[in-house]
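Working notes for the structure below.
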Amino acid sequence: MPSAAISVPSSDRLVLGFDLAATFVFGLEGASSAIAANLDLLGVLALAFVTALGGGIIRDVIIGDVPPAAFRYERYVVAALVGGVIAFIVLDPLSHVPSWLLISLDAAGLSLFAVSGASKALTFGANPLTAVIMGAVTGTGGGILRDVLLNTVPAVLRINLYATAALLGATVTTIGIRRGLPRSRMMVLGGVLCFVLRVVAAWQHWGLPRAGAL
Amino acid sequence: MPSAAISVPSSDRLVLGFDLAATFVFGLEGASSAIAANLDLLGVLALAFVTALGGGIIRDVIIGDVPPAAFRYERYVVAALVGGVIAFIVLDPLSHVPSWLLISLDAAGLSLFAVSGASKALTFGANPLTAVIMGAVTGTGGGILRDVLLNTVPAVLRINLYATAALLGATVTTIGIRRGLPRSRMMVLGGVLCFVLRVVAAWQHWGLPRAGAL
Amino acid sequence: MPSAAISVPSSDRLVLGFDLAATFVFGLEGASSAIAANLDLLGVLALAFVTALGGGIIRDVIIGDVPPAAFRYERYVVAALVGGVIAFIVLDPLSHVPSWLLISLDAAGLSLFAVSGASKALTFGANPLTAVIMGAVTGTGGGILRDVLLNTVPAVLRINLYATAALLGATVTTIGIRRGLPRSRMMVLGGVLCFVLRVVAAWQHWGLPRAGAL
């Protein structure tokens with residue numbers, strides 16, 4: 001019963017497990033991009049770190065929770081770096097994962113980061129608009145930093161409803177919490193909506209319109 | 001009598017109107033760049049947001065006013081996004097605007113951001129050097145982030161006296177305020193100087209020297 | 001006897017001299033990159049500023065020391081900009097410096113920034129992991145920002161043991177200070193190890209492995 005699990009403090013094993021798993025997956029993805037760009041071991045680990053933790057670090061600097069949580073709890077750094085090391089050793093590990101599974105894992109990470117980012121911003125007194133934007137930043141900021149460092153236009157601004165799904169999840173979570181509904185249930189609901197939208201969009205090749213295509 | 005208008009609190013309608021207009025124009029410009037880079041609707045809105053509000057966000061994080069003002073007052077986000085939506089619907093709207101008008105609007109936004117950024121930094125206890133740099137960062141930071149995201153060398157570091165004009169306006173404002181002259185008048189003076197320098201530089205193709213060209 | 005010198009407050013002339021010299025060298029390097037990219041005088045000075053001071057600014061924003069020290073003490077901005085002006089006037093000055101001297105100066109700056117960054121983070125209550133990362137960020141962050149602005153993949157993520165040397169120096173410093181050993185001696189030890197590793201790596205073309213090359 002995930003909704004109950006997420007209502008307990010963040011030390012709860014299930015939530016923590018999800019959070020570390022998402023950090024690990026994002027670290028793996030960042031490292032794979034770095035390997036494709038021919039960076040060395042340090043570059044691969046740096047990109048794993050930035051991709052997995054960058055979004056949360058930007059959020060925490062903006063809402064004023066410094067040093068950012070990513071630095072205060074060493075398990076997050078460890079999860080990101082383990083992802084990086086595995087990517088480095090098992091050369092291009094993501095190519096061995098079926099794409100439906102990879103997209104699902106990534107979408108799960110995006111969902112978790114988006115709803116937890118929005119929820120945390122509200123806890124720190126942010127207004128609803130800020131909370132929604134912080135949810136999207138938590139989910140997509142790491143990927144944006146990764147692509148800026150690798151000198152490409154950020155993929156999260158281009159691929160099928162990626163940032164849009166994060167905004168949806170963060171918005172549902174924010175509206176629910178502000179209306180006094182249980183935080184845990186709104187996070188689950190927001191996360192599920194984000195996950196479903198992103199996975200279906202990837203599967204059906206849905207995308208937002210481009211200008212001039214209306 | 002603008003000098004009087006700017007001396008009243010920031011809730012004053014005229015100042016607020018200018019500020020929102022500048023945010024709108026910068027949003028329009030950021031969105032147009034995103035459209036030219038073939039981003040989808042979300043990417044266009046994200047670039048409108050970053051271009052219009054990024055400079056002020058960097059300033060506020062550096063001077064310690066978090067969450068940044070751009071997030072606390074929803075009207076700024078709305079102004080930036082309205083600019084983005086209009087750019088998206090009216091495909092390439094800036095191509096329909098005479099270039100002298102576009103350069104003037106942009107220079108007005110730059111001027112307003114530069115002097116208000118310097119003034120705010122002083123209010124937060126920054127020393128004069130920091131205030132001048134924060135003025136330039138407020139005026140040019142959004143454009144720099146936009147170009148980094150779109151994977152080009154920032155135009156504001158290259159085009160005719162753009163950042164230079166912002167530094168001039170911020171410097172005049174800072175020196176005047178620190179000498180005890182009326183804040184409002186120094187902001188108007190700094191803003192006018194920034195505006196005039198930038199517009200004349202664009203018109204006359206003035207630029208700073210490059211190394212080796214001395 | 002440098003170890004004694006570094007144990008006194010940061011106002012000490014020798015430490016201050018080293019710190020300003022490192023800022024100057026990094027400013028010179030940033031400006032040279034900007035000149036190579038054909039930026040104008042303002043762009044050259046902006047890149048000198050960002051390269052010399054960007055790492056420390058990121059560190060201070062993350063550990064919560066705002067406004068960052070780079071803005072509070074005007075001598076640092078002056079040192080960076082003097083480097084920029086000299087690079088601008090003496091076109092491509094670094095080409096006249098023997099490469100062993102240039103690498104040594106740069107390695108000295110990297111070492112100083114890495115150990116002082118780690119030490120400062122500890123002073124602000126950061127945990128050891130954060131201190132090590134902040135040391136590396138202080139040493140390499142400016143160069144990363146420079147390369148992002150100049151639209152290239154950051155060199156510090158690629159060249160021979162550059163960030164690795166910063167991590168080594170920061171780690172030794174952090175472990176020593178946390179074990180109660182004299183701060184000054186640990187900073188000297190960490191700095192010397194960082195310096196030696198970087199210089200030898202540049203000389204011997206040592207590098208970390210790349211994925212798939214194991």
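The values are calculated or read from the model by the stated rules, or taken from the named source; none is laboratory data. Small disclaimer: the values here were computed from a predicted structure and weren't measured. Heads up, the Cβs are rebuilt from the backbone with ideal geometry, glycines too, and the neighbour counts pull from every protein chain shown. These accessible areas exclude ligands, DNA and RNA; they are computed on the full protein's heavy atoms, side chains included. Shrake-Rupley method; radii C 1.70, N 1.55, O 1.52, S 1.80 Å.
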Requested in this report: From C:Leu129, C:Leu197, grab the single residue that is in contact with an Asp or Glu (Cβ under 7 Å, 6 or more places away or on another chain) and more than 30 Å from B:Pro154 (Cα to Cα).
Outcome: C:Leu129
Report task. Being more than 10 Å from chain C (Cβ to nearest Cβ) and either closer than 16 Å to B:Ile57 by Cα or crowded, with 24+ Cβ neighbours inside 10 Å (or both) is the filter here, so list the residues in the range B:138-156 that pass it. Result -> B:Thr138, B:Gly139, B:Gly141, B:Gly142, B:Gly143, B:Leu145, B:Arg146, B:Leu149
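Based on this model, can you work out whether A:Ile103 counts as in a helix (DSSP H, G or I), of a type outside the set (S, T, N, Q) and modelled with pLDDT under 95? Can you show your working first?
Details: in a helix (DSSP H, G or I): yes; of a type outside the set (S, T, N, Q): yes; modelled with pLDDT under 95: yes.
It is true that A:Ile103 is in a helix (DSSP H, G or I), of a type outside the set (S, T, N, Q) and modelled with pLDDT under 95.
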**Report entry** Residues located in the range C:165-214, provided they are within 13 Å of chain A (Cβ to nearest Cβ) and open to solvent by 80 Å² or more (accessible area, probe 1.4 Å)
**Finding:** C:His205, C:Trp206, C:Leu214
Query raised in the report: Among the residues of the range A:40-95 satisfying the criterion of being outside any helix (DSSP H, G or I), under 20 Å from C:Gly212 (Cα atoms) and open to solvent by 20 Å² or more (accessible area, probe 1.4 Å), which is nearest to the other protein chains (Cβ to nearest Cβ)?
Result: A:Leu91
Report summary line: Sole miss for A:Ala126 among (1) in a loop (DSSP other than H, G, I, E, B); (2) at pLDDT 95 or above; (3) within 23 Å of A:Val61 (Cβ to Cβ) is condition (2)
Query raised in the report: If you go through the range C:115-131 one residue at a time, do you hit one that is within 14 Å of chain A (Cβ to nearest Cβ) and of a type in the set (Phe, Trp, Tyr)?
Result: yes
Query - Failed condition for B:Asp147, given (1) within 17 Å of the chain's Cα centre (by Cα); (2) not in a helix (DSSP H, G or I) - result: (2)
**Report entry** the range A:161-214: number of residues that are among the charged types (D, E, K, R), assigned to a helix (DSSP H, G or I) and more than 18 Å from the chain's Cα centre (by Cα)
**Finding:** 3
Requested in this report: Can you confirm whether the range A:170-184 contains a residue that is touching a helix residue (DSSP H, G or I) at 6+ places or on another chain (Cβ under 7 Å), farther than 20 Å from A:Met134 by Cβ and not small (Gly, Ala, Ser)?
Outcome: yes
